[in-house]
Amino acid sequence: MSLAGPDGGPPPRPGPPGGPITRRALFGIFVKAGLAFGGGLGILAVLEQELVIKRRAIDREEFLRLYGLGRIVPSGTMTALAVAYGYRFAGPIGTAIALCGLVLPALVITVALTAAYGLLQQHRWLLELLPVTILPAALAFIVVAGVRLGHDVFRPSRELLLAAAAFLGAVVLQLNPVVLLLAGGAAGTLLFGRGRRDREPA
């Protein structure tokens with residue numbers, strides 16, 4: 001079943017960026033992201049839904065640009081995104097708000113699950129069910145989030161070729177991630193930078 005717009009054409013894309021994000025809304029967004037299953041990709045999918053599609057606070061290009069920057073810095077990617085978006089919408093205070101919102105659900109849930117795991121150790125048969133129940137479900141969340149985030153890339157394009165080259169460099173040549181990121185940035189600038197400059201109005 002394919003989605004279509006009102007005139008039978010392709011579905012409408014998110015419009016231009018909307019209004020600002022308040023501090024309360026920022027905290028709520030990152031609490032919701034912190035509750036997402038599937039790790040980093042699950043959190044990323046929630047942030048895309050809230051900031052790009054629902055609230056239109058930023059466009060998709062800026063969203064992916066900040067994600068790329070978050071992959072480069074020496075910290076957890078989601079932590080870097082919380083810092084970036086918090087500062088982007090509410091300055092230094094927003095950074096603290098976004099970090100607290102992101103970490104709070106993980107803190108509470110991890111403490112609760114650790115306590116529950118200690119209780120489950122008394123019932124070995126329950127522990128044996130974990131690999132065949134929870135882990136496949138978590139993998140499904142990650143795959144779905146990855147497909148959603150990559151739907152604009154997984155089509156014949158220069159972006160796909162660049163992604164394939166990076167994949168081969170990581171898997172076959174076993175290049176250092178830093179080298180791949182720097183090479184990808186340089187290649188992306190050469191491949192896409194001039195075309196975008198040509199499209200910009202004078």
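Bear in mind these aren't lab numbers, they're just calculated from the coordinates by the rules spelled out. Every value quoted in this text rests on a predicted model; they were computed, and no experiment measured them. Backbone-built Cβ (ideal geometry, glycine too); neighbour counts: all protein chains shown.
Using every alpha carbon pair in segment 22-129, what percent of pairs falls into each 10 Å bin from 0 up to the bin containing the largest distance?
Spelled out bin by bin, segment 22-129 gives 14, 43, 24, 12, 6, 0 percent.
Among 43-50, 182-189, what's the highest-first ranking by average C-beta atoms within 10 angstrom per residue?
Ranking the peptides 43-50, 182-189 by packing returns 43-50, 182-189.
Evaluate the charge dipole of segment 21-109 about its Cα centre and quote only its size in Debye, nearest 20, assuming +1 on the Cβ of each Lys and Arg and -1 on the Cβ of each Asp and Glu.
The calculation lands at about 180 debye.
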